[in-house]
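The values are calculated or read from the model by the stated rules, or taken from the named source; none is laboratory data. Here the structure is a predicted model, which is why all the values come from computation and not from measurement. Cβ placement follows ideal geometry from the backbone for every residue including glycine, while neighbour counts extend to all protein chains displayed. These accessible areas exclude ligands, DNA and RNA; they are computed on the full protein's heavy atoms, side chains included. Shrake-Rupley method; radii C 1.70, N 1.55, O 1.52, S 1.80 Å.
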Amino acid sequence: MTTTDNYILENAILILPDRVVEQGWIAISEGRIAEIGEGRAPERGFDVGGDYLLPGLIELHTDHIESHFIPRPHVRWHALSAVMAYDAQIASAGITTVFDSLRVGSDFDLASLDNDDLWQLSEALAAAKASGHLRAEHRTHLRCEISSSDVLEQAEGYAARYPVHLMSLMDHTPGQRQFRDISIWKTYYMGKSDASDEEASKLIAWRLDLHERNAARHRQALVEFAREHGAVLASHDDGTKEHVAQAVADGVAVAEFPTTMEAAQASHAAGIQVMMGGPNVVRGGSHSGNIAAETLAREGILDLLSSDYVPASLLMAAFDLPRRVPEISLPKALATVTANPARAAGLADRGTLEAGLRADIVRAHISGDVPVVREVWREGRRVA
């Protein structure tokens, strides 16, 4: 059975949806999982030396592509080269399905994508996919800055050329959501730029004016846009019950990074999947002083994890959660980065080690308490 398309991975610890098998094997055929067994394999295959085998990770929200394309302020790297470097890092972190988070809506206060940048990256992603260069499967997540004057224009322009799979409704206006305390926004912004206090204050006034003119009408238009294009909708940085009520009315499926326990509880109770950052778990708390992912996990209301700005954090967080919260089993923790995001995104063909599903598989070795990715297969083909 050991051919390019048909083979067995044996002598492995298997993380199945409901349990951990201490010694088992997986048979792969034509890019799918054909069979899973315990004990010794029925015939000789590839010996993984007692390492873990687990489903390929599914990443719904990462803007890490921007750090490859804009490695320094005002520096744009070659777009295709940036895409290939980003893809290699994603795959080597065990991520086999990634929703590339592309910002739509110009945001002149931070080093983010402008209109030309968006098209350069989009074209590079499409070219890399068409030529078969990509290791992971790449899908689109449009991060929509609702107060931006051109967010609708950019979203419509993107959808005219490429499919849209996921959209998030963001509002980073000073005084709103993540930056309810304007002084925190000012500290954050001035730390990322060389602006003076006077310049930051002028920028705050400008952003508040944009919010007043655009936020409500753009949000409603983007909700309808998502429905028209069949895109999964996510809210972002919800902090109050009122935010959650609006998300429910809009048909939101994922609550990205709620900032308070109140919002997280209300989202979970409403059937909205609650997402927190892998770095939040690994670091033991939020870098911006918001609610800790571990706190939500202890309350049983943490559904999804995202690597956000550190791809390696996704697998680290999944293995770290059971150590931090003993009530959470390893299969349940792993589901936050595999089965649960697959379900939230409507991807029924992946996310667990089960016969008939895609052979998206990660081989991981534990070094100390850190999971080290050794091999990655996407649809049965080794990609890392």
Among the helices (runs of 4 or more DSSP H) lying completely within the stretch 45-134, list those that include at least 3 residues that are under 25 Å from L233 (Cβ atoms) and open to solvent by 10 Å² or more (accessible area, probe 1.4 Å). 115-130
Looking at the stretch 292-302, can you tell me whether even one residue there is open to solvent by 30 Å² or more (accessible area, probe 1.4 Å), touching a strand residue (DSSP E or B) at 6+ places or on another chain (Cβ under 8 Å) and in contact (Cβ under 8 Å) with a residue 24 or more places away in the chain? no
Looking only at the stretch 216-237, how many residues end up being out of contact with any helix residue (DSSP H, G or I) (no Cβ under 6 Å at 6 or more places or on another chain), small (G, A, S) and either crowded, with 19+ Cβ neighbours inside 10 Å or part of a strand (DSSP E or B) (or both)? 3
Filtering the stretch 326-349 for residues that are exposed (fewer than 15 other Cβ atoms within 10 Å of the Cβ), in contact with a helix residue (DSSP H, G or I) (Cβ under 9 Å, 6 or more places away or on another chain) and farther than 28 Å from L166 by Cα leaves a count of 1
Checking the condition in contact with a Gly (Cβ under 6 Å, 6 or more places away or on another chain) and among the hydrophobic types (A, V, I, L, M, F, W, C), which residue from L347, L334, L314 passes? L314
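Determine whether I291 is at pLDDT below 95 and part of a loop (DSSP other than H, G, I, E, B).
When the stated conditions are applied, I291 passes them.
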Starting from the stretch 214-239, keep only residues that are closer than 19 Å to G157 by Cβ and in contact (Cβ under 8 Å) with a residue 24 or more places away in the chain, then list their pairs with residues that are surrounded by fewer than 17 Cβ atoms within 10 Å (Cβ to Cβ) and of a type in the set (D, E) whose Cβ atoms are within a distance under 8 Å, requiring at least 6 positions of separation or different chains. F225/E156
Just name the residue that is least open to solvent (accessible area, probe 1.4 Å) out of those in the stretch 350-378 that are assigned to a loop (DSSP other than H, G, I, E, B) and farther than 13 Å from L57 by Cα. L357
Scan the stretch 200-215 for residues that are small (G, A, S) and surrounded by 15 or more Cβ atoms within 10 Å (Cβ to Cβ) and jot them down. A200, A215
Can you pull out the residues in the stretch 139-156 that are surrounded by fewer than 23 Cβ atoms within 10 Å (Cβ to Cβ) and in contact with a Phe, Trp or Tyr (Cβ under 8 Å, 6 or more places away or on another chain)? R139, T140, L152, E156
Could you please let me know if R358 is touching a residue at least 60 places away in the same chain (Cβ under 8 Å) and within 23 Å of H165 (Cβ to Cβ)? yes
Every residue in the stretch 238-259 that is small (G, A, S), within 19 Å of A221 (Cα to Cα), open to solvent by less than 40 Å² (accessible area, probe 1.4 Å) and in a loop (DSSP other than H, G, I, E, B), please. A253
